[in-house]
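Colleague: Handing you this structure, nothing more for now.
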Amino acid sequence: MGKVVIIGLDGGNFDIIQKWKDKLPTLKKFIDHGSSGYLKTTIPPLTIPAWPSFYTGKNPGKYGVFDFVDRTSKNKNKIVDSTYVKSDSLWSILSKDNKKCCVINVPLTYPAKKINGLMITGLLTPKRDSFFTYPKQLSEKIKDYRLHLDVGYTKKKKKEFFNDAVKVHRARAKTSIDLVKSQYFDFFMVVFTMTDEISHHYWKDMVKKTKYEKAIFRIYREADNSIKKLMDTAGKDTNFIIMSDHGFGSLEKMVNLNLFLIDKKLLFLKKEILTNLKYNLFKLGFTPTNIYNLVCKLGLQDFFPEPRINKNVREKLLNIFLSFSDVDWNRTIAYSLGNVGQIHLNKKDIHYKKKVIKSLYNLKENNESIIDEIYEKKDLYSGKYFEYATDLCLKMKDFSYISYPVFVNSNKIIDNHPLGISGGHRLHGVFLAYGPDIKFNNVKNAEIIDITPTVLHMFNQEIPPDMDGKVLKEIFKENSDFLKNKIKYEKIDKTNLEKQKINKTLKKLRLL
Ligand SMILES: [Zn+2]
């Protein structure tokens with residue numbers, strides 16, 4: 001059986017790959033000789049839950065993570081980690097079948113869990129501690145691996161930021177290639193995230209043709225080079241999949257959804273003197289964004305709590321302004337938490353929901369609604385963790401308008417990004433596949449949850465029946481075993497499940 005390699009391109013955009021394919025020879029090979037198409041991701045199109053939905057093959061309602069913040073507890077500031085993902089992963093299933101796996105830099109894998117092989121954790125890894133690799137000793141062998149960027153982005157540091165991003169990419173690619181060379185793996189995966197970082201910060205440079213116009217192209221070319229080296233090292237019997245967690249486009253505006261909800265009397269502030277004072281200061285224009293802009297203008301940004309580096313200090317600063325602690329929760333009907341357009345209902349009755357939806361459609365700019373669609377949680381999620389899901393998710397101007405990740409950031413409902421971030425996520429990312437079993441085809445209707453069942457099928461594994469994704473059979477050649485082999489689903493022993501249920505009930509009764 002041949003090997004399977006997945007290369008993640010965080011924020012990868014299929015349109016620009018097609019446009020630049022003559023200058024990206026490796027990616028061109030995938031498009032001209034393999035299977036390719038858009039890859040629909042989760043709604044909202046966010047790195048998390050997109051990557052865990054990929055590696056579980058399930059919608060977030062089945063594994064319990066909907067966003068960067070924990071929804072299952074009352075603490076609204078708790079950032080999730082891999083222990084929150086209540087489901088098997090692609091590599092845990094392969095490991096159980098003794099397949100050798102190597103998984104590098106996949107978001108939401110920290111703390112590293114046991115795997116039959118090697119793991120280096122990805123996004124949301126705080127530092128190089130003993131949970132950053134599996135096994136722990138691996139960390140000693142990869143001293144040159146870069147976990148984070150050293151340079152924080154500011155408009156004045158565009159060059160340094162880009163150069164650092166290239167260094168981080170190269171360090172991760174080199175470690176990946178060294179590990180592929182060092183031993184045999186049945187399944188290998190690495191996620192390159194600098195495509196996302198650079199697209200966020202240089203999108204408008206590309207559109208407006210500034211002197212940093214080529215930054216995004218250059219990071220794609222770096223990725224193309226690294227993929228070529230990985231392919232040369234892995235050998236000809238390997239089937240490759242390239243995927244992104246979401247697509248990319250411009251980021252036009254930021255929306256202070258909580259401020260809108262305050263205006264519409266759906267969110268209420270406490271009637272305390274301090275809150276009133278804060279609210280009035282806020283209305284006068286003393287906002288975190290304005291203070292930040294002032295500091296930048298004075299050239300003091302190096303001494304200022306830059307969000308990428310000093311998150312705690314920034315949060316403290318933001319607390320001087322309006323925050324969730326100022327909210328009157330007894331009266332509040334809805335609030336926004338999350339950085340795309342997530343709305344949570346504090347009062348769950350259906351008439352409140354209808355009222356909130358009606359008001360939101362009136363969120364206008366120049367007399368035109370900015371809302372394309374309001375998804376209700378029943379449209380997006382199912383499963384054991386359904387009750388914790390975001391109640392409503394807004395699609396505002398094809399996700400080119402997104403909400404602030406903090407309570408409120410300025411006294412305008414619709415505002416520019418305070419740091420000049422000009423690129424944002426889109427619903428359709430990229431899917432490419434190439435190898436001895438992969439045919440030339442345009443793939444339609446591929447979704448991020450389809451990759452795990454597809455790879456399990458390639459390893460002749462049984463697919464857990466609660467996976468939401470499907471096997472992408474249209475990518476396989478006519479003579480490939482992958483096309484001939486029947487898709488196998490794991491059988492659940494119902495009598496056993498019933499027995500377990502009865503035992504649980506008996507235990508409970510005894511406790512009562
Ligand atoms: Zn991103």
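The values are calculated or read from the model by the stated rules, or taken from the named source; none is laboratory data. A quick note: this is a predicted structure, and the numbers were derived from the prediction, not measured. Here the Cβ is made from the backbone with ideal geometry for all residues, glycine too, and neighbour counts use every protein chain on show. We work out accessible area using only protein heavy atoms, side chains counted, and drop any ligands, DNA or RNA first. Shrake-Rupley method; radii C 1.70, N 1.55, O 1.52, S 1.80 Å.
Colleague: Amide H to amide H under 5 Å from Arg426: which residues, 5+ apart in sequence or cross-chain, H placed 1.01 Å off N in plane?
Modeller: Gly247, Phe248, Gly249
Colleague: Rolling a 1.4 Å sphere over the protein heavy atoms, what is the accessible area per residue of the chain, to the nearest Å²?
Modeller: Computed with neighbouring chains in place, this is 47 Å² per residue.
Colleague: Go through the range 330-380 and name the chymotrypsin sites (Phe, Trp or Tyr not before Pro) that are in a DSSP coil and have 10 or fewer other Cβ atoms within 10 Å of their Cβ.
Modeller: none
Colleague: Check which residues have an amide H placed less than 5 Å from Phe476's amide H, if you skip close sequence neighbours.
Modeller: Under 5 Å from the amide H of Phe476 lie the amide H atoms of Lys439, each far enough along the sequence or on another chain.
Colleague: Restricting to DSSP loop positions (anything but H, G, I, E, B) with no more than 14 other Cβ atoms inside 10 Å of their own Cβ, which trypsin sites (Lys or Arg not before Pro) remain in the range 385-446?
Modeller: Here the trypsin sites (Lys or Arg not before Pro) that fit, given the DSSP loop and packing criteria, are Lys444.
Colleague: Could I ask something else about it? For Lys58, list long-range residues whose amide hydrogen, built 1.01 Å from N in the peptide plane, is under 5 Å from its own amide hydrogen.
Modeller: Asp468
Colleague: Now for a different question. What shape does the range 389-464 take by its C-alpha gyration tensor, where a ≥ b ≥ c are the square roots of the eigenvalues and a/c under 1.5 counts as rounded, a/b above b/c as prolate, and the rest as oblate?
Modeller: prolate
Colleague: Please label the shape of the range 123-233 as rounded, prolate or oblate, based on the square roots a ≥ b ≥ c of the eigenvalues of the alpha-carbon gyration tensor (a/c under 1.5 means rounded; beyond that, a/b larger than b/c means prolate, else oblate).
Modeller: oblate
Colleague: How large is the dipole of the chain about the Cα centre if only Lys and Arg carry +1 and Asp and Glu carry -1, each at its Cβ, rounded to the nearest 20 debye?
Modeller: Values: 88 positive and 57 negative charges, 156 e Å.
Its charge dipole is roughly 760 debye.
Colleague: Going through the range 165-225, which chymotrypsin sites (Phe, Trp or Tyr not before Pro) have at most 12 other Cβ atoms within 10 Å and a DSSP loop state?
Modeller: Tyr184
Colleague: Computing the accessible area with a 1.4 Å probe over protein heavy atoms, can you report the carbon and sulfur percentage for the chain? If you can, show how the numbers build up before the last one.
Modeller: On the way: 12560 of 24130 Å².
For the chain, the apolar C and S fraction of the accessible surface comes to 52 percent.
Colleague: Efficiency by 1/(1 + (r/R0)^6): what FRET value for Lys159 and Arg331, r their Cβ-Cβ distance, R0 = 41 Å, to the nearest 0.05?
Modeller: On the way: r = 50 Å, r/R0 = 1.21.
Efficiency at R0 = 41 Å is approximately 0.25.
Colleague: Can you tell me the 0 to 90 degree angle between the C-alpha axis of helix 311-320 and the longest principal axis of the chain, rounded to 10?
Modeller: Between helix and principal axis, roughly 20 degrees.
Colleague: Let me ask something else. Give me the percent relative contact order of the chain, please, defined on Cα pairs under 8 angstrom at least 6 residues apart.
Modeller: That works out to 26 percent.
Colleague: Now for a different question. By its C-alpha gyration tensor, with a ≥ b ≥ c as the square roots of the eigenvalues, how is the chain shaped: rounded for a/c under 1.5, else prolate for a/b larger than b/c, else oblate? Show your work: numbers first, answer last.
Modeller: Numbers: a/c = 1.75, a/b = 1.28, b/c = 1.37.
Oblate, since a/c reaches 1.5 and b/c is not below a/b.
Colleague: If you don't mind, another one. Per residue of the range 114-123, what does 6.51 cos²θ - 1.76 cosθ + 1.60 with θ = phi - 60° give for ³J(HN,Hα)? Whole Hz please, x for Gly and Pro, Karplus curve as stated.
Modeller: After applying 6.51 cos²θ - 1.76 cosθ + 1.60, I find 4, 8, 7, x, 10, 9, 10, 6, x, 2 Hz.
Colleague: Tell me the angle of helix 215-234 to the major Cα principal axis of the chain, expressed in degrees between 0 and 90 and rounded to the nearest ten.
Modeller: The angle comes out at about 30 degrees.
Colleague: Follow-up question, since we're still on this one. For the range 190-199, in order, what is each residue's ³J(HN,Hα) by Karplus, 6.51 cos²θ - 1.76 cosθ + 1.60 with θ = phi - 60°, in whole Hz (x at glycine and Pro)?
Modeller: Along the range 190-199, the couplings run 9, 10, 9, 9, 5, 4, 6, 4, 5, 5 Hz.
Colleague: Further question: Which percentage, to the nearest 5, of the DSSP beta bridges contained in the chain is antiparallel?
Modeller: Details: 34 of 62 bridges.
Percent antiparallel among DSSP bridges in the chain is about 55.
Colleague: Tell me, what HN-Hα J-couplings in whole Hz come from the Karplus equation 6.51 cos²θ - 1.76 cosθ + 1.60 at θ = phi - 60° for each residue of the range 16-22, using x for Gly and Pro?
Modeller: Working through the residues one at a time gives 6, 5, 5, 5, 9, 4, 5 Hz.
Colleague: Return one number: the angle in degrees, 0 to 90 and rounded to the nearest 10, between the long axis of the Cα atoms of helix 288-297 and the longest principal axis of the Cα atoms of the chain.
Modeller: 80
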